[in-house]
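Chemist: One structure follows; several queries about it will come next.
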Amino acid sequence: MSVHAATPRRASWATQDPLLLEYYDTEWGEPVTDDRGVYERLSLEAFQTGLSWLTVLRKREAFREAFAGFDPERVARFTESDVARLLSDQRIIRNRLKIRATITNAQATIRMSEREGPSLARLVWSYMPVHSPAPVTDAQVPSTSRESRELATELRGLGFSFVGPTTVFALMAAIGVTDTHLVRSPRRGCSGLWNIDGTRSNVPAPFGSTLVE
């Protein structure tokens, strides 16, 4: 193996700002398995649509404060006065559709927890694929997958919004459901669930997730 091939390589987006680098090195791709955590990540990915992830990260603490710590039960009870409050909060991304989607998705999350069936976290993890991508370059990192398309469809059927296949795939990569770290990245396989080549490790999947064939 050449020295060049063995050189660690992070995703290019992670090297553009110290905040991105910290997020990449400490959080991105680590498993998130609780409903509140998955709901927060889904909400932030939706706010990121059409914008940069750095913009969202810089506002993350303000988002948490504005949206009651992303507690689905509390956000589900937000009213029109809360929408008005959020639209006037200059610390966050003031997009009416995204704000309403965040409230709608909290309500959908609560409905899932109240009925017989999987919770939000369990549902997302049930779409864990058999194989994860194994990109060598940034250009090889996919933006969607069969699983993200199918999960997006199911989420929409459950009343979620702003859950297109690209947003859902970004969520899956962010919480370890799939691993899109570059093969030479020092963070490749950081979740413990994936081998470097994209095959599953021997670590049990959260919830005993059924791998999608």
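Chemist: Taking the stated definitions as given, is residue 58 surrounded by 13 or more Cβ atoms within 10 Å (Cβ to Cβ) and more than 28 Å from residue 83 (Cβ to Cβ)?
Modeler: Details: surrounded by 13 or more Cβ atoms within 10 Å (Cβ to Cβ): yes; more than 28 Å from residue 83 (Cβ to Cβ): no.
When the stated conditions are applied, residue 58 does not pass them.
Chemist: Could you identify the single residue in 122, 200 that is open to solvent by 40 Å² or more (accessible area, probe 1.4 Å) and in contact with a strand residue (DSSP E or B) (Cβ under 9 Å, 6 or more places away or on another chain)?
Modeler: 200
Chemist: Search segment 101-124 for residues that are farther than 14 Å from residue 35 by Cα and free of Cβ contacts under 8 Å to residues at least 12 places away in the same chain and pair each with any residue that is part of a helix (DSSP H, G or I) and open to solvent by 50 Å² or more (accessible area, probe 1.4 Å) when their beta-carbon atoms are under 7 Å apart and the residues are at least 6 apart or on different chains.
Modeler: Correct list of pairs: empty, since none qualify.
Chemist: All but one of (1) over 28 Å from residue 182 (Cβ atoms); (2) assigned to a loop (DSSP other than H, G, I, E, B); (3) open to solvent by less than 20 Å² (accessible area, probe 1.4 Å) hold for residue 99, so report the exception by its number.
Modeler: Against the list (1) over 28 Å from residue 182 (Cβ atoms); (2) assigned to a loop (DSSP other than H, G, I, E, B); (3) open to solvent by less than 20 Å² (accessible area, probe 1.4 Å), residue 99 comes up short only on (2).
Chemist: Please find, among 152, 173, 139, the residue that is part of a helix (DSSP H, G or I) and surrounded by fewer than 20 Cβ atoms within 10 Å (Cβ to Cβ).
Modeler: Details: 152 fails: surrounded by fewer than 20 Cβ atoms within 10 Å (Cβ to Cβ); 173 fails: surrounded by fewer than 20 Cβ atoms within 10 Å (Cβ to Cβ).
Criteria check complete, one pass: 139.
Chemist: The conditions are (1) part of a helix (DSSP H, G or I); (2) open to solvent by less than 20 Å² (accessible area, probe 1.4 Å), and residue 29 fails exactly one of them. Which is it?
Modeler: Of the numbered conditions (1) part of a helix (DSSP H, G or I); (2) open to solvent by less than 20 Å² (accessible area, probe 1.4 Å), the odd one out for residue 29 is (1).
Chemist: Kindly check whether there is at least one residue in segment 5-23 that is more than 16 Å from residue 173 (Cβ to Cβ), touching a residue at least 60 places away in the same chain (Cβ under 8 Å), small (Gly, Ala, Ser) and exposed (fewer than 15 other Cβ atoms within 10 Å of the Cβ). Break it down into steps so the answer makes sense when it comes.
Modeler: Within segment 5-23, the subset more than 16 Å from residue 173 (Cβ to Cβ) is 5-9, 15-19, 21-22.
Next, only the ones that are touching a residue at least 60 places away in the same chain (Cβ under 8 Å) stay: 5-9.
Within this subset, residues satisfying the condition of being small (Gly, Ala, Ser) are 5-6.
When the remaining residues are screened for being exposed (fewer than 15 other Cβ atoms within 10 Å of the Cβ), the result is 5-6.
Yes, segment 5-23 has at least one match.
The values are calculated or read from the model by the stated rules, or taken from the named source; none is laboratory data. Everything numeric here is computed off the predicted structure, so don't read it as measured data. For neighbour counting, all protein chains shown are included, and Cβ atoms are generated from backbone atoms with ideal geometry for every residue, glycine included. Side chains are part of the model used for accessible areas, which takes the heavy atoms of the whole protein and leaves out ligands, DNA and RNA. Shrake-Rupley method; radii C 1.70, N 1.55, O 1.52, S 1.80 Å.
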